[in-house]
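Everything below concerns the one structure shown next.
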Amino acid sequence: AEQGVQDPMVLGAMGTIERHRFVDTALAGQAYEDTSLPIGLGQTISKPGVVSRMIELLRNGQTGKLGRVLEIGTGCGYQAALLGHLSRRVVSIERLRDLHLKARANLDTLRQHLPEWPDVRLVYGDGMIGHAPLAPYDTIIAAAGGASLPQAWIDQLAPGGRLVAPLEEGRAGTQVLTILDRLPDGSLQHSRAGAVLFVPLKSGTT
């Protein structure tokens with residue numbers, strides 16, 4: 001909230017999902033600092049400030065829940081849990097098997113502490129190709145950035161839908177938060193929302 005996030009549903013989700021449940025025990029003391037933390041395999045859990053800002057952009061002023069959300073890059077499952085409280089269904093893809101399994105364990109533990117558990121489906125697979133069996137998606141959010149938006153993501157975005165993802169821009173290592181709206185007539189509209197730093201977007205599984 002101090003950083004300008006105003007969406008009450010986003011703030012409510014941030015206050016409900018306990019971030020320390022998604023980081024290693026040795027890092028639990030840093031779980032509520034606004035900083036990214038390592039989660040293994042060269043990946044990180046993003047800063048709470050960045051996560052909340054991206055989800056607020058994804059919601060785009062909606063008063064109710066999001067519809068069907070596709071998340072690219074499950075990581076440890078933290079953002080998937082937040083999205084689960086803010087949407088009717090979340091499909092989250094992770095290309096690293098060990099992280100996919102860690103996220104599943106984290107979410108299973110979280111389920112024991114919440115009275116109602118939302119529809120969050122974890123998929124082990126290549127995020128660059130999205131997840132066509134459950135497409136189209138009302139919103140798509142990515143936790144990794146490449147030189148361009150994969151065509152599969154664009155194809156799987158429903159009319160009236162919104163995609164939020166980091167995108168490489170300019171010199172190497174520079175990323176900007178990119179918003180892609182598919183207008184009701186099917187046309188695409190791009191906008192930007194400031195500099196960010198995410199892990200590189202990669203294809204395949206491991």
**OP:** Mind counting the residues in segment 74-102 that are farther than 16 Å from V199 by Cβ and hydroxyl-bearing (S, T, Y)?
**Re:** 1
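Give segment 130-173 a look and list any residue that's part of a strand (DSSP E or B) and open to solvent by 40 Å² or more (accessible area, probe 1.4 Å), or say none.
Those that are part of a strand (DSSP E or B) and open to solvent by 40 Å² or more (accessible area, probe 1.4 Å): D138, P159, G160, E168.
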Subject >> Whichever residue in segment 33-92 is part of a loop (DSSP other than H, G, I, E, B) and among the hydroxyl-bearing types (S, T, Y) and, among such residues, is least open to solvent (accessible area, probe 1.4 Å) >> reply: T74
**OP:** Just give me the residues in segment 178-198 being over 24 Å from A132 (Cα atoms) and open to solvent by less than 30 Å² (accessible area, probe 1.4 Å), in sequence order.
**Re:** A193, V196, F198
Original post:
If we keep just the residues of segment 99-118 that are touching a Gly at 6+ places or on another chain (Cβ under 7 Å) and open to solvent by 10 Å² or more (accessible area, probe 1.4 Å), which is nearest to Q156 (Cα to Cα)?
Top reply: P118
**OP:** Tell me, yes or no, whether segment 85-96 has at least one residue that is of a type in the set (K, R) and more than 24 Å from P200 (Cβ to Cβ).
**Re:** yes
Original post:
Among the residues of segment 5-16 satisfying the criterion of being modelled with pLDDT of 95 or more and touching a helix residue (DSSP H, G or I) at 6+ places or on another chain (Cβ under 9 Å), which is most open to solvent (accessible area, probe 1.4 Å)?
Top reply: Q6
Original post:
What is the residue count in segment 119-129 for residues that are under 17 Å from Q79 (Cα atoms) and open to solvent by less than 40 Å² (accessible area, probe 1.4 Å)?
Top reply: 4
Original post:
If you take the residues of segment 136-157 that are aliphatic (A, V, I, L, M) and free of Cβ contacts under 8 Å to residues at least 40 places away in the same chain, which of them is nearest to P184 (Cα to Cα)?
Top reply: L157
Original post:
For segment 1-32, which residues satisfy the criterion of being of a type in the set (D, E, K, R) and part of a loop (DSSP other than H, G, I, E, B)?
Top reply: E2, D7, E18, D24
Original post:
Given the residues L110, L114, L122, which is the only one that is outside any loop (DSSP other than H, G, I, E, B), touching a helix residue (DSSP H, G or I) at 6+ places or on another chain (Cβ under 9 Å) and modelled with pLDDT under 95?
Top reply: L110
Original post:
Within the bounds of segment 155-168, is there any residue that is modelled with pLDDT of 95 or more, touching a Pro at 6+ places or on another chain (Cβ under 9 Å) and acidic (D, E)?
Top reply: yes
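The values are calculated or read from the model by the stated rules, or taken from the named source; none is laboratory data. Quick caveat: nothing in here was measured; it's all calculated off a predicted structure. All Cβ positions, even for glycine, are placed from backbone atoms using ideal geometry, and neighbour counts span all protein chains on display. Note: accessible area is taken over every heavy atom of the protein model, side chains too, but ligands, DNA and RNA are not part of it. Shrake-Rupley method; radii C 1.70, N 1.55, O 1.52, S 1.80 Å.
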